[in-house]
Amino acid sequence: MKQNNMKRKLLIQKILVVTIILSFMDIGIQTISKTNTPILIVTAQETTWNLTLRITETSGKKTSVVLGVSPNASDAQDDLDRPEPPAPPEITYVQAWFTTSLSIPFNRLLQEYKHIPSNYTEWNLSILWVPESSNASDTTISISWDSAKVKQNTFNSFQLFENNTVVADLRTQDSYSFQSNGTLHHFQILSVRAVQQIIPRTK
């Protein structure tokens with residue numbers, strides 16, 4: 001009998017200990033739920049965005065290129081990049097492409113996407129007008145774009161450079177024109193998220 005009583009006492013003690021532990025756990029959970037726990041804020045997912053640049057020449061010759069940003073892109077070669085097609089058969093034409101350090105034919109892109117998020121993004125735009133051999137006069141080439149679409153992206157600055165000089169703000173202007181005598185023109189399109197001085201990277 002004494003042995004049975006001892007076992008019963010031990011069992012009761014175990015039950016009491018477990019009950020006390022569970023009570024403390026319940027109080028702790030309630031306390032945590034009443035405190036100001038931090039709220040996790042999930043930022044909006046970066047989405048793919050692009051902009052078409054339309055290049056036209058005085059006589060009516062034209063072409064276009066597409067620049068863009070995407071979380072699915074990389075600054076190396078990827079599926080979103082499109083190489084420039086061969087030159088047109090016409091004697092007079094205008095060409096435009098994004099110059100890259102990738103291997104041929106991806107060293108000249110008709111469509112170039114950069115990876116986001118990124119604080120600094122740069123596209124190197126080249127434009128060439130090929131006139132008839134007998135044509136010694138200059139022509140006017142215009143680059144135009146949709147500034148309203150530019151404002152849809154999350155960049156604080158979006159500017160067109162030529163020879164390290166800003167020639168157009170793509171957020172507030174719709175076009176930029178320049179004279180060409182058939183030489184190759186090099187531009188940089190720079191976009192930044194943070195407020196800082198922007199200068200094209202030295203080639």
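The values are calculated or read from the model by the stated rules, or taken from the named source; none is laboratory data. Not measured: the values here are computed from a predicted model. Cβ sites come from the backbone with ideal geometry, for glycine too, and all protein chains shown count toward neighbours.
Figures for the structure shown
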quantity	calculated
Selected residue [closer than 19 Å to Gln173 by Cα and among the β-branched types (Val, Ile, Thr)] from Thr100, Thr140	Thr140
Search result, residues across the stretch 136-184 that are aromatic (Phe, Trp, Tyr), farther than 18 Å from Thr63 by Cα and assigned to a strand (DSSP E or B)	Phe158, Phe161
Of residues in the stretch 110-132 being more than 22 Å from Ser177 (Cα to Cα) and not hydroxyl-bearing (Ser, Thr, Tyr), the one surrounded by the most Cβ atoms within 10 Å (Cβ to Cβ)	Glu112
Residues within the stretch 144-187 that are among the hydroxyl-bearing types (Ser, Thr, Tyr), within 22 Å of Trp97 (Cβ to Cβ) and surrounded by fewer than 16 Cβ atoms within 10 Å (Cβ to Cβ), tallied	4
Hits in the stretch 85-123 (condition: more than 24 Å from Thr47 (Cβ to Cβ), in a strand (DSSP E or B) and not hydrophobic (A, V, I, L, M, F, W, C))	Tyr93, Gln95, Thr99, Arg108
Failed condition for Val192, given (1) modelled with pLDDT of 95 or more; (2) surrounded by 13 or more Cβ atoms within 10 Å (Cβ to Cβ); (3) β-branched (Val, Ile, Thr)	(1)
